[in-house]
1. What's the number of the condition Arg363 fails, among (1) surrounded by fewer than 20 Cβ atoms within 10 Å (Cβ to Cβ); (2) not in a strand (DSSP E or B)?
2. Can you name the residue in segment 625-637 that is small (Gly, Ala, Ser) and more than 24 Å from Phe189 (Cα to Cα) and, of all such residues, is modelled with the highest pLDDT?
3. So which of Ala295, Ala312 is assigned by TED's automatic domain parsing to the domain that holds Phe244, small (Gly, Ala, Ser) and over 25 Å from the mean Cα position of the chain (by Cα)?
4. Looking at segment 153-172, is at least one residue in a strand (DSSP E or B), in contact with a helix residue (DSSP H, G or I) (Cβ under 7 Å, 6 or more places away or on another chain), of a type outside the set (S, T, N, Q) and assigned by TED's automatic domain parsing to the domain that holds Ala253?
5. Name the helices (runs of 4 or more DSSP H) wholly within segment 510-614 that hold at least 3 residues that are over 21 Å from Leu461 (Cβ atoms) and among the charged types (D, E, K, R)?
6. Only residues that are surrounded by fewer than 19 Cβ atoms within 10 Å (Cβ to Cβ) and either in the same structural domain as Asp161 (by TED's automatic domain parsing) or assigned to a strand (DSSP E or B) (or both): list them for segment 633-648, please.
7. Go through (1) at pLDDT below 85; (2) under 31 Å from the mean Cα position of the chain (by Cα); (3) surrounded by fewer than 19 Cβ atoms within 10 Å (Cβ to Cβ) and name the single condition Arg592 misses.
8. Find the residue count for segment 275-293, including only residues that are buried (at least 18 other Cβ atoms within 10 Å of the Cβ) and touching a Ser or Thr at 6+ places or on another chain (Cβ under 9 Å).
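The values are calculated or read from the model by the stated rules, or taken from the named source; none is laboratory data. Here the structure is a predicted model, which means the values were calculated and not measured. Every residue, glycine among them, receives a Cβ derived from its backbone with ideal geometry; neighbour counts consider all protein chains shown.
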Amino acid sequence: MSGGEDRLEELRGLVRDHDRRYYRDASPIISDREYDLIKREMEDLEAELDPLGLFKAEDSPDLIGFPVPAVGDDRLEEFVSHRHLVPMLSLDNTYDQKEFFDFDQRLRKLFDRSELPYVVEPKIDGVAVSITYEGGILKTAVTRGNGVEGDVITQNLMHVDSLPHDLTSFELPEILEIRGEIYMNHEEFVRLNELRERDGLPLYANPRNLAAGTVKLLDPKEAATRKLEIVLYGMGACIPESHFPSQSAFHEAIRKWSLPTVEFLRSASSANEAWQAILELDELRHGYGYPTDGAVIKLDPIEMQRQAGATAKAPRWAIAYKFESERQETVLEDIVLQVGRTGTVTPVACLRPVQLAGTTVSRASLHNADEIARKDIRVGDFVVVEKAGEIIPQVVEVVAAKRQTDSTPYLFPSSCPVCARGLEREDGEAAWRCPNPECPEQVKGRLKYFASRGCMDIDHLGEAVIEQLVDLGKAKRISDLYTLGKEDFLALDGFAEKSAENLFNSIVSSKNKGLARLLCALGIKHVGSSAAKELARNYESLAFLAEATAEDLVEIDGIGAIMAESVVEFFASHENRLIIEGLSSAGVETSREPTEPGSSPLAGTVFVLTGSLESLTRNQAAERIESLGAKVSSSVSAKTDYLVAGPGAGSKLAKAESLGVEVLDEEAFLAFLGNQ
């Protein structure tokens with residue numbers, strides 16, 4: 001085998017490995033740009049050594065009908081496969097302006113035209129999906145798979161509010177495949193990472209990986225606890241065929257059908273106009289709720305698309321222009337270890353402050369010990385930092401050429417940096433954990449979470465106070481808070497008679513925050529505020545909930561198998577039983593008044609809040625609504641009964657009006673509540 005053939009086999013192996021990590025495992029270890037460079041080198045070498053395409057990689061066999069496109073493969077054995085009616089290809093990528101105009105030149109030569117009409121759309125950094133409607137009814141949602149067939153994930157998208165299941169009121173083709181992207185918006189990604197942080201678990205790396213992992217969950221109820229979104233923009237099969245003359249006409253149709261589609265769509269009469277639209281999108285994209293990593297440029301007329309055709313992996317009539325991720329080089333001055341409230345030990349990079357995407361960054365995620373070892377990250381290194389998914393700063397790579405000669409590899413400690421207990425790691429997990437529940441940092445984390453605004457909302461019990469209470473041995477578990485008197489607070493730094501009395505009164509008043517808040521505050525793994533409310537609706541007390549089985553719990557809407565097991569495990573713990581006994585003995589409200597099913601005045605009603613309110617906060621409004629038995633949702637859908645719209649209401653108001661949802665301004669909302 002020649003040197004070139006050896007290199008080609010090496011590159012094919014790298015591409016297979018990175019495809020598996022990206023498509024199947026949803027945990028890539030290199031950037032899109034690095035992957036594109038490897039794949040381009042492989043394709044160039046294939047063209048040089050095998051110009052006629054006679055020899056394929058071993059893992060690219062033909063399927064009956066057409067060859068497998070070179071688009072990676074996200075299929076898993078646990079899922080049912082479904083064959084696409086039209087192959088689901090990927091797009092050729094470019095990061096270069098000249099290559100974009102070369103793309104235009106090739107098409108102009110093909111059509112013998114001086115200028116060509118294009119449309120420009122955002123490239124959403126999500127998970128490719130194909131939605132099929134038959135007779136106007138949603139039949140299947142399928143991943144890209146290997147381009148020929150993908151995994152059926154319909155069951156994990158049934159809770160996506162913006163995806164209608166029935167379009168029979170519109171005139172659709174008999175069979176229509178619509179291609180799009182599943183994504184997770186920034187707000188939901190941050191919410192889930194906050195829950196991970198509260199549970200002391202490693203943070204999710206970026207929205208794309210989390211969305212990919214969510215659509216491949218085997219438990220649809222578990223998937224429903226993570227809010228996914230979808231945006232549709234492309235056409236697969238259309239029967240009968242002659243339905244849409246152009247890409248822009250297709251967009252008009254799906255918008256008319258109230259399907260979720262891109263908010264940026266520009267028609268261009270030439271490549272120059274398309275380039276200006278690309279630059280415009282690059283300026284606007286940071287304000288969108290979903291992660292974008294480029295622009296997609298397509299020939300507008302469908303007939304021209306057919307004439308241009310496709311290669312084995314991508315259409316010739318479209319290209320993705322990838323925006324450069326903003327990166328900065330800085331010095332890693334230290335690596336510190338944080339111990340979360342569940343014992344997870346997370347390494348954090350302390351950086352020489354640097355400006356990145358409009359903010360000053362001085363810390364970045366290092367994820368876990370394996371990540372540090374794989375990238376060989378060392379204290380004192382010059383490193384490249386970027387924001388993953390434009391949200392979380394992370395160290396991308398080490399600038400090896402600038403490494404000091406006396407540099408030494410970083411050794412992840414074998415014992416807890418706080419209590420010195422030996423760290424443990426379960427099989428298959430990347431995170432190391434401190435197994436000591438009395439570890440001071442874990443206790444502090446549990447107390448901070450318990451007292452936080454979304455839980456027991458204990459005023460004046462801030463981080464500095466908790467630090468002193470734990471360090472002085474006055475609080476070893478959350479129930480200890482209710483055994484403290486004013487004299488205990490007077491012994492703390494910065495406390496006088498009045499401040500001690502205020503904190504004491506705040507702790508006493510928190511006893512009556514209700515069962516749902518207490519359930520959330522207990523810090524049960526995977527149980528956030530929404531799940532806590534569902535549990536409180538279904539169980540009258542902690543005592544009843546403690547006796548529930550996992551089989552009982554999964555019957556509750558929004559409670560999946562993983563969460564159910566976590567709840568059962570929590571109440572089986574002797575330590576947690578002692579905490580609950582302590583709370584009950586101290587007079588903390590651990591039960592609620594029983595209610596008859598459907599007796600709440602607004603039982604089953606769904607509200608959405610948008611814009612700002614003057615007389616009460618969003619949380620206060622949500623609490624008022626929920627106290628009447630209604631639910632508060634974050635997105636408008638056909639299931640929404642009322643939209644409460646304050647100043648600044650935007651797209652939610654427009655969608656509510658298009659769906660005929662009743663809209664209440666603040667005055668009408670308050671009057672509505674007063675009448676219940």
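1. If we test Arg363 against (1) surrounded by fewer than 20 Cβ atoms within 10 Å (Cβ to Cβ); (2) not in a strand (DSSP E or B), just (2) comes out false.
2. Pass one, segment 625-637, residues small (Gly, Ala, Ser): 627, 629-630, 633-635, 637.
Restricting the remaining residues to those that are more than 24 Å from Phe189 (Cα to Cα) gives 627, 629-630.
Numbers: Ser627: 77, Gly629: 78, Ala630: 83.
Per the criteria, the residue is Ala630.
3. On the way: Ala295 fails: over 25 Å from the mean Cα position of the chain (by Cα).
Of the residues listed, the single one that is assigned by TED's automatic domain parsing to the domain that holds Phe244, small (Gly, Ala, Ser) and over 25 Å from the mean Cα position of the chain (by Cα) is Ala312.
4. Kept after step one, since they are in a strand (DSSP E or B), are these residues of segment 153-172: 166.
Next cut, in contact with a helix residue (DSSP H, G or I) (Cβ under 7 Å, 6 or more places away or on another chain) only: none.
No - not one qualifying residue is present in segment 153-172.
5. Details: elements: 515-521, 529-538, 542-546, 550-553, 561-572, 574-585.
Correct list: 529-538, 574-585.
6. Scanning segment 633-648 gives a single hit, Ser633.
7. So Arg592 meets the others, but not (2).
8. Number satisfying all stated conditions: 4.
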